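Since every read-out is calculated from the coordinates, none of them should be taken as a lab result. Nothing here was measured: the structure is a model prediction, and the numbers come from that model. Note that we place each Cβ from the backbone using ideal geometry, even for glycine, and neighbour counts take in every protein chain shown.
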Amino acid sequence: MTVTGVDILITGYPGVSPSNGGMGWSSVGLVRTGERIVLVDTGPFGARDLLRRRLAEHGVAPDEVTDVVLTHCHHDHSVNWTMFPNARVYVSRIEMEWALRVPHGEGPVPELYVRELASSPATTLLEDGDEIVPGIRAELVPGHTPGSLIVTVDHEDTRTIFLGDAAKNRAELVCRRADATLDAPLSRDSIARIWTRWEEVPNTTVIPGHDLPMGLIEGECHYQAVRQTSVQARLSADFDDLTTFDLSET
Ligand SMILES: [Zn+2]
């Protein structure tokens, strides 16, 4: 049983809204082996319909997903674990212990979903370096949260690393500095660890929690996809008049 395919179902976006708060537009990955259908992160509530559609485009129904790996417990990555009734749900033990201690009403942990996850028979707690299925390994990268994970997928001679929010975007990777972290020095160490994993296998793709996939060309970090992000708004009194704002870089 080896990895047969890696796809990005939803691509994250490195933005926040100063007027309306964090958007939580995060990356969701799909990894398949001969027998298992694995999701890496689940997106925020607003991604549910899109996620169902993207799964359907890949011929997958939610009840066919066998494994869901959560890079960390923030709502925009974890809250949709309930969409997958037959999946084992993986989260790091350190993350779960921390998330349960976060006072309700503080920060981006969805308190009630985390409490439910902690008592669910579907939950499996991971330690640093655990193999989830053959070819898919979790590694602790604390900082953004105490039990954040990266998920490394080795597939033939290529490697894909889902970064969660250990490095949320290209700027954090290149500058080796993280925003919105609980521990900035730990985040720096974790980003250094990501670079080690990135550079040790040629043709490795990294997928940050809130950005496009990237690869290295002669040591330089390059996007491997074109951003296609937009917002539609109903700003006039005409019901049929939708204004589209393109959020892709020019
Ligand atoms: Zn996030």
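Let a ≥ b ≥ c be the square roots of the eigenvalues of the Cα gyration tensor of the chain; is it rounded (a/c under 1.5), or, if not, prolate (a/b larger than b/c) or oblate? Verdict is rounded for the chain.
Among the helices of the chain, none built from whole DSSP H runs has Cα atoms reaching 27 Å or more along its own axis together with a mean Kyte-Doolittle hydropathy of at least -1.0. Is the shape of region 124-250 rounded, prolate or oblate, going by the alpha carbon gyration tensor and its root eigenvalues a ≥ b ≥ c, with a/c under 1.5 for rounded and a/b larger than b/c for prolate? Prolate, since a/c reaches 1.5 and a/b exceeds b/c. In plain terms, the chain from Ala192 to Leu100 could stretch by 30.3 nm, reckoned as 0.36 nm per residue minus the Cα-Cα distance.
Of Leu212, Leu182, Leu235, which is the most mobile in a GNM of the chain whose springs link Cα atoms less than 10 angstrom apart? Taking springs between Cα atoms under 10 Å, the residue moving most is Leu235. Can you compute the FRET efficiency between Gln224 and Val201 using 1/(1 + (r/R0)^6), with r the Cβ-Cβ distance and R0 = 22 Å? Round to the nearest 0.05. About 0.90, to the nearest 0.05. Counting only GluC sites (Glu not before Pro) that sit in a DSSP loop (anything but H, G, I, E, B) with at most 16 other Cβ atoms within 10 Å, what is the longest stretch of the chain containing none of them? After excluding every exposed loop site, the longest remaining stretch is 36-105. Of interest is the spacing of the C-alpha centroids, which for region 32-100 and region 203-250 amounts to 22 Å. Subtracting the Cα-Cα distance of Asp240 and Arg115 from 0.36 nm times their residue separation leaves 40.8 nm of extension gain. Using the Cβ-Cβ distance between Asn20 and Asp157 with R0 set to 45 Å, the FRET efficiency from 1/(1 + (r/R0)^6) comes to roughly 0.55. Summary value for the chain: 15 percent relative contact order, contacts being C-alpha pairs under 8 angstrom separated by 6+ residues. For region 1-66, report the % of Cα-Cα distances exceeding 17 Å. Across region 1-66, Cα pairs with separations above 17 Å total 43 percent. Using a/c under 1.5 as the rounded threshold, could you call region 1-132 rounded, prolate or oblate? The axes a ≥ b ≥ c are square roots of the C-alpha gyration tensor eigenvalues, and prolate needs a/b larger than b/c, oblate otherwise. It is oblate, given that a/c is not under 1.5 and a/b is not larger than b/c.
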